[in-house]
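Nothing in this text is a laboratory measurement; each read-out follows from the coordinates by a stated rule. The structure presented is a predicted model; accordingly, all values stated were derived computationally and were not measured. Counting neighbours? That spans all protein chains shown, and the Cβs are built from the backbone with ideal geometry, glycine included.
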Amino acid sequence: MWLRRALFHWLLPAALVLPIWLIVGWAVSGASGWAFLWVLFIAVPAVLVGQLVTTLFVRARGTVRHTRMLSWWDVLVFTVWHVSIVVVGLHPDGLFWPLLLLSVAAFLAVFWVSLWQLFREARPVSLFRVATDPAFLRETIRPGAERANAERVVVIEETRRAER
């Protein structure tokens, strides 16, 4: 519970902290000048924009806004992505490219899991079923069910008269 809430509060600061870490990690690891150009012009903007977009997707969900907690799917994919960014920021010899590919794959997982959960929560299932399936309405309103404020429901069906 505390982990899901802590990661909820971490998402916005992560949009600034992780790109800054990439620059600090370059300086700490003593990587080349070409690596600095890659960090400055590709990695920092990609992480910044990617983190902001996925944070907006997550925070757009009603359950996240209400509970102020991420889902366990969010915890999994964001943790893998953020840890991979931290490790890539260290520019390890021999492991840089595999870790970079892992980081890109983790971002794609974050993006699609966030979109999947957003669309799953946002779809108007009951409204769609009522509009397309009148039997659904008859199932939900049972004639024998007692209600506190029972109202009479009158259904008028339209029939066409034969034209002369």
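Taking 0.36 nm per residue of sequence separation and subtracting the Cα-Cα distance, how much length would be gained by fully extending the chain between Trp112 and His66, in nm to one decimal?
On the way: separation 46, 0.36 × 46 = 16.56 nm, distance 2.18 nm.
That works out to 14.4 nm of additional length.
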Scalar couplings 3J(HN,Hα) for the range 24-29 by Karplus 6.51 cos²θ - 1.76 cosθ + 1.60 (θ = phi - 60°), nearest whole Hz, x for Gly and Pro, are 5, x, 4, 5, 5, 7
Go from 0 up to the bin containing the longest alpha carbon distance in the range 37-83, width 5 Å each, and give me the % of pairs per bin.
5, 19, 22, 23, 14, 8, 5, 2, 0
Likely footprinting exposure, Trp38, Trp116, fewest C-beta neighbours within 10 Å first:
Trp116, Trp38
Modelling each spin label as a point 7 Å along the Cα-to-Cβ direction, I'd like the Glu121/Phe41 distance in nm, to one decimal.
3.9 nm
How large is ³J(HN,Hα) for each residue in the range 75-88, as worked out from phi by the Karplus curve 6.51 cos²θ - 1.76 cosθ + 1.60 (θ = phi - 60°), to whole Hz, x for Gly and Pro?
4, 4, 6, 5, 5, 4, 5, 5, 5, 5, 5, 4, 5, 4
Evaluated at 10 °C with a viscosity of 1.306 mPa s, what Stokes-Einstein diffusion coefficient in µm²/s does the range 2-126 have when Rh comes from the Kirkwood expression over alpha-carbon pairs?
105 µm²/s
